[in-house]
1. Evaluate E = 1/(1 + (r/R0)^6) for E118 and E10, where r is the Cβ-Cβ distance and R0 equals 35 Å; express this FRET efficiency to the nearest 0.05.
2. Sum up the charges of everything whose Cβ sits under 14 Å from the Cβ of D73, counting Lys and Arg as +1 and Asp and Glu as -1, but leave D73 out.
3. Using modelled amide H (1.01 Å from N, peptide plane; none on Pro or chain starts), what sits under 5 Å from the amide H of A206, excluding residues fewer than 5 places away?
4. What residues have an amide H closer than 5 Å to that of G179, excluding those fewer than 5 places away on the same chain, when H is modeled at 1.01 Å from N in the peptide plane?
5. Pop the C-beta distance of L49 and D187 into the FRET formula with R0 = 30 Å and round what comes out to the nearest 0.05.
6. Could you work out [θ]222 nm for the chain from helices alone, using -39500 (n - 2.57) per DSSP H run of at least four and dividing by all its residues? Round to the nearest 500 deg cm²/dmol.
7. So between T86 and S106, what do we pick up on full extension, going 0.36 nm a residue minus the alpha carbon distance?
8. Which value, in debye to the nearest 20, gives the size of the charge dipole of the chain about its Cα centre, when Lys and Arg are +1 and Asp and Glu are -1 at the Cβ?
Amino acid sequence: MTSGIRRAGEDSLLVETGSLEISHRLDALLRADRPAGVVEIVPGPETVLVTAPGADLSGLRSLLSHLLGTARDLGAGASMAERSVTVPVVYDGADLDDVAALSGLSAEEVVERHTRRELVVGWLGFAPGFAYLTGLDPALHVPRLPTPRTAVPAGAVAIAGPYSAVYPSASPGGWRLLGHSLMAVWDVTADPPAVLTPGTRVRFRAVAG
């Protein structure tokens, strides 16, 4: 995607970063020194949405252009104060055996591959605090359920396609359930309310139920 900045509604600017890595760097730069008037920063796979009701969007556009250049110039090897989180998981999910069958692995091998890699929060979406974790072992890239469940409990640990996730709250969902965690990843009283913020590095750890 060609990098650029364009208007998104009355109060927002959408920065086209061209990559998830640059989105994470720009997000970190904005949060480290939040510009006046900015109330929301939403990084995506190749964009960052910046919302600033009533602010001078022309001035904000100039600042974002400068910060985007800084994010690019940091280079591929640079890191922006990354956080690491370990999520304990009881691997007792309703779809664990089906995932094993789809991937040609045993259930034990599915767990081993899910816990082996360090994943990275790409972006939040679908529901508040729902983090799309990138870097899943390709052997575990399985399709969503043909028919989504009407209710998935909070704490459910799941996979779908190239992503893994921890459901932050009870909701419908079509991802395949590997297990559950008692770790709360969403708390509206906390700052920030999401434990798994964009750029956070995540490891799953198998624990006894």
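Every read-out reported here was derived from the displayed coordinates using simple, explicitly stated rules and does not represent laboratory data. The shown structure was predicted, so the numbers you read here are calculated from the model rather than taken from an experiment. Glycine also receives a Cβ, built like all others from the backbone with ideal geometry; neighbour counts cover every protein chain displayed.
1. Numbers: r = 40 Å, r/R0 = 1.14.
The value I calculate is 0.30.
2. Details: positive: R25, R72; negative: E21.
Net charge in that neighbourhood comes out at +1.
3. Distant-sequence amide H within range of A206: V89.
4. D92, G93, V157
5. Values: r = 23 Å, r/R0 = 0.77.
E between L49 and D187, to the nearest 0.05, is 0.80.
6. Values: 4 runs with 48 residues, N = 209.
My calculation for the chain gives -7000 deg cm²/dmol from helical runs alone.
7. Details: separation 20, 0.36 × 20 = 7.20 nm, distance 2.38 nm.
The T86-S106 span can extend by a further 4.8 nm.
8. Numbers: 17 positive and 22 negative charges, 33 e Å.
It works out to roughly 160 debye.
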